[in-house]
Amino acid sequence: MTSPSGQYPIPNANDQTSQYNFDSLYLEDNKEFLVVTRNSLDLLLSILDSGAELALVKEDLTVSMLEKCEQSLHVVQRIGETTIDEEAMLFEALSLHDELRQVILRCDELEASLVSGGQLTKVSDGSA
């Protein structure tokens with residue numbers, strides 16, 4: 001039986017080089033994940049801050065963005081917990097985690113007001 005690519009395992013691979021490449025890919029993946037999550041959060045915030053009717057909380061795009069933020073929360077937390085040498089990424093992960101928690105709480109409060117027949121007709125900005 002021969003190896004599928006003819007190059008597996010990698011001949012003369014240096015363990016340090018392999019670890020560096022893995023760490024570099026891992027770091028880039030984390031950075032990309034934080035950027036995608038930041039974009040999702042910003043989109044959800046712009047929907048909530050638009051002063052639109054509370055019914056927007058139930059629209060597909062809003063629900064989709066909220067679900068994306070909820071799913072990302074734990075990954076962002078893990079990135080923050082495991083980041084050691086990248087201060088900028090650590091700061092971004094911690095900041096993003098806090099903002100995700102705030103917007104999820106805000107959406108939960110808006111949904112609760114809808115369920116309870118709340119008297120709000122516009123989405124508040126959460127600053128009151």
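Which of the residues that make up region 64-86 are surrounded by 14 or more Cβ atoms within 10 Å (Cβ to Cβ) and among the β-branched types (Val, Ile, Thr)?
Val75, Val76, Ile79, Thr83
In region 87-104, what residues are in contact (Cβ under 8 Å) with a residue 24 or more places away in the chain, surrounded by fewer than 16 Cβ atoms within 10 Å (Cβ to Cβ) and not charged (D, E, K, R)?
Initially, region 87-104 is screened for residues in contact (Cβ under 8 Å) with a residue 24 or more places away in the chain, giving 89, 92-93, 96-97, 99-104.
If we keep only those that are surrounded by fewer than 16 Cβ atoms within 10 Å (Cβ to Cβ) too, we end up with 101-102.
Of everything in region 87-104, just one residue is in contact (Cβ under 8 Å) with a residue 24 or more places away in the chain, surrounded by fewer than 16 Cβ atoms within 10 Å (Cβ to Cβ) and not charged (D, E, K, R), namely Gln102.
Being at pLDDT below 90 and either touching a His at 6+ places or on another chain (Cβ under 8 Å) or not hydroxyl-bearing (Ser, Thr, Tyr) (or both) narrows it down to one residue among Gly80, Gly117; which is it?
Values: Gly80 fails: at pLDDT below 90.
Just one listed residue meets the conditions, Gly117.
Determine whether region 52-67 contains at least one residue that is in contact with a Lys or Arg (Cβ under 9 Å, 6 or more places away or on another chain) and assigned to a helix (DSSP H, G or I).
There is at least one residue in region 52-67 that is in contact with a Lys or Arg (Cβ under 9 Å, 6 or more places away or on another chain) and assigned to a helix (DSSP H, G or I).
Please work out which residue is nearest to Ser40 (Cα to Cα), limiting yourself to region 71-88 and to residues that are touching a helix residue (DSSP H, G or I) at 6+ places or on another chain (Cβ under 6 Å) and in a helix (DSSP H, G or I).
Narrowing region 71-88 to residues touching a helix residue (DSSP H, G or I) at 6+ places or on another chain (Cβ under 6 Å): 72-73, 76-77, 79-80, 83.
Restricting the remaining residues to those that are in a helix (DSSP H, G or I) gives 72-73, 76-77, 79-80.
Details: Ser72: 10, Leu73: 12, Val76: 13, Gln77: 16, Ile79: 17, Gly80: 18 Å.
Among those that are touching a helix residue (DSSP H, G or I) at 6+ places or on another chain (Cβ under 6 Å) and in a helix (DSSP H, G or I), it is Ser72.
The values are calculated or read from the model by the stated rules, or taken from the named source; none is laboratory data. Keep in mind that this is a model prediction, so the values were computed, not measured. Note: ideal-geometry Cβ built from the backbone for every residue, glycine included; neighbour counts use all protein chains shown.
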